[in-house]
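This report refers to the structure that appears directly beneath it.
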Amino acid sequence: MGTYDVLETADGSPTLFSHFYDEACHSLGGAYEETQTHYIRRCQVLERMVKTGDVKILEIGFGFGLGFMATKRECQALPVKGKLKFLSVEMDEELIKWSSQQFHQDPLMSGLKKSEYFGGPCYESYHDGTHLIILLGDAKDTLADLAEKFQGPFHAIYQDAFSIHKNPELWTVEWFSLLRSFGQRETILSTFSGSSKVRKALAQSGWRIHSGGAFQGKRDSTYALLKGKSSEELLEKLALSPADPLYDKDLYNIHEEPTK
């Protein structure tokens, strides 16, 4: 899976273009800024750290580590010193190794070692109150196994998989139901996607959906909670949309379509 090009985005931060998925890992309008907007700010990570000194984050798609590095950097800039547990999932082991070399000056990235965290293959490092774990393998399989062993909910979920058109497996009702099992009332799930299919899948799996706003020319994004009610305005818009949420059973039809 590991054929990538390094691209510079509009805010000067890098991203990767995956030839396997034919898609960039971040917005070319600004990879770092997108990470701040959609994940760190939308999930209220810094507010949580200031209030409790403890944040647990689940990220879907480690990529080359920008989500983690940006989160760690923003947390370390706070006047309080807290504990950050950052768990991610990644299929491409060579990408993890490459990322570790690229960020060799960071003790967590350069210190990644292969281990058997929660009984499955992963890369792990710990330094100065921050614990990084990258589960290796198919996200659905690794998280399904983790659900039985993980103690305590995540406060934030970064749903940062490749788009629904390229990586539909990670946008189904069943997938969001699995992510729900890692949350609690205060959990915030955020994603760059404003797709009606995605929003309907989130709602169908029990998440309360809200508009996350625009970013760099993209009309909208989404965040979801496990408390309160969904946005009435958003639900009214979805009721007018002919799009249907994806279920796992629909993936067979998608994968059986002939390539052009």
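The values are calculated or read from the model by the stated rules, or taken from the named source; none is laboratory data. What you are looking at is a predicted structure, and each value in this text was computed from that prediction instead of being measured. Cβ sites come from the backbone with ideal geometry, for glycine too, and all protein chains shown count toward neighbours. Just the protein is used for accessible areas: all its heavy atoms, side chains included, with ligands, DNA and RNA removed. Shrake-Rupley method; radii C 1.70, N 1.55, O 1.52, S 1.80 Å.
Where both residues lie in region 8-101, what percent of DSSP beta bridges are antiparallel, nearest 5?
Bridges in region 8-101 are about 30 percent antiparallel.
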Given a 1.4 Å probe and every protein chain left where it sits, what share in percent of the accessible area of the chain is carbon and sulfur? 50 percent
Using a 1.4 angstrom probe, figure out how much accessible area region 60-113 has per residue, in square angstrom, rounded to the nearest whole. 46 Å²
Size of charge dipole - the chain - debye, nearest 20, with Cβ of Lys, Arg +1 and Asp, Glu -1, no other charges: 1040 debye
How many Å² of accessible area per residue for region 118-210, probe 1.4 Å? 36 Å²
In the chain, with Lys and Arg counted as +1 and Asp and Glu as -1 at Cβ, which of these residues, Ala214, Leu240, Leu46, has the Cα nearest the positive end of the dipole, that is, farthest along it? Leu46
Tell me the accessible surface of Glu233 in square angstrom (1.4 angstrom probe, heavy atoms of protein chains only), to the nearest ten. 120 Å²
Measuring from label point to label point, each 7 Å out along Cα→Cβ, what is the Asp22 to His131 span in nm? 4.1 nm
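Structure shown: which of Lys166/Lys227; Lys51/Lys72; Lys166/Lys249; Lys140/Lys200; Lys72/Lys97; Lys56/Lys97 lie over 28 Å apart, alpha-carbon to alpha-carbon? Intermediate values should be presented prior to the final figure.
Numbers: Lys166/Lys227 30 Å; Lys51/Lys72 17 Å; Lys166/Lys249 17 Å; Lys140/Lys200 20 Å; Lys72/Lys97 19 Å; Lys56/Lys97 23 Å.
Beyond 28 Å: Lys166/Lys227.
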With each pseudo-label sitting 7 Å past Cα toward Cβ, what's the Lys114-Ala10 distance in nm, one decimal? 4.1 nm
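Would you kindly give the portion of the calculated P(r) for the chain that falls above 28 Å, as a percent of all Cα pairs? Could the numbers behind the result be given before it?
Numbers: 10336 of 33670 pairs.
For the chain, the fraction of Cα-Cα distances above 28 Å is 31 percent.
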Beta bridge orientation in region 108-255: antiparallel %, DSSP, nearest 5: 80 percent
